[in-house]
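Undergrad: Structure in structure tokens, see below.
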Amino acid sequence: MIELELPFPPSVNHYYRHVGPRTLISREGRRFREKVCALLAGMGVGRLTGPLQVEIEVYPPDRRRRDIDNLQKGLLDALEHGGAYRDDSQIVKLTIEKRECVPAGRTIVRIREI
């Protein structure tokens, strides 16, 4: 099992930008992805190859209203890009829970092969 403490992810509404007909990762999304990649590399996380169960706990930075389902896309893509797994299609069980606010926000992710 891999357990990670990551920054609070940007919403999918802020992770991507539309430029004409193209969809790009926003500056905020790129910064988040770079942080996740650096944390995974620093921990020496190896790529998981089988079916996965992913548990996510998000701790928002403030009490603003947020849709929990808008947080998972950028987070899961950043984990894939950082090498935690080959493709997010490997995820067969996904749970996400919004917890209490903490300064600056954070995310706890547990990934296990099943």
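The values are calculated or read from the model by the stated rules, or taken from the named source; none is laboratory data. Note that the structure is a prediction, hence the values are computed from the model and not measured. Ideal geometry is used to build each Cβ from the backbone, glycine not excepted, and the neighbour counts take in all protein chains shown.
Table: residues versus (1) over 15 Å from the mean Cα position of the chain (by Cα); (2) closer than 14 Å to residue 6 by Cα; (3) at pLDDT 95 or above.
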site: 52; (1), (2), (3): no, no, yes
site: 61; (1), (2), (3): yes, yes, yes
site: 64; (1), (2), (3): yes, no, no
site: 68; (1), (2), (3): no, no, no
site: 79; (1), (2), (3): no, yes, yes
site: 99; (1), (2), (3): yes, no, yes
site: 102; (1), (2), (3): yes, yes, yes
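Undergrad: Still on this model: Which one is modelled with the highest pLDDT, of the residues in the range 81-90 that are more than 13 Å from the chain's Cα centre (by Cα) and not charged (D, E, K, R)?
TA: So the residue we want is 90.
Undergrad: Considering only residues that are free of Cβ contacts under 8 Å to residues at least 12 places away in the same chain and either part of a loop (DSSP other than H, G, I, E, B) or touching a Lys or Arg at 6+ places or on another chain (Cβ under 7 Å) (or both), which ones fall in the range 34-78?
TA: Of everything in the range 34-78, those that are free of Cβ contacts under 8 Å to residues at least 12 places away in the same chain and either part of a loop (DSSP other than H, G, I, E, B) or touching a Lys or Arg at 6+ places or on another chain (Cβ under 7 Å) (or both) turn out to be 44, 64, 65.
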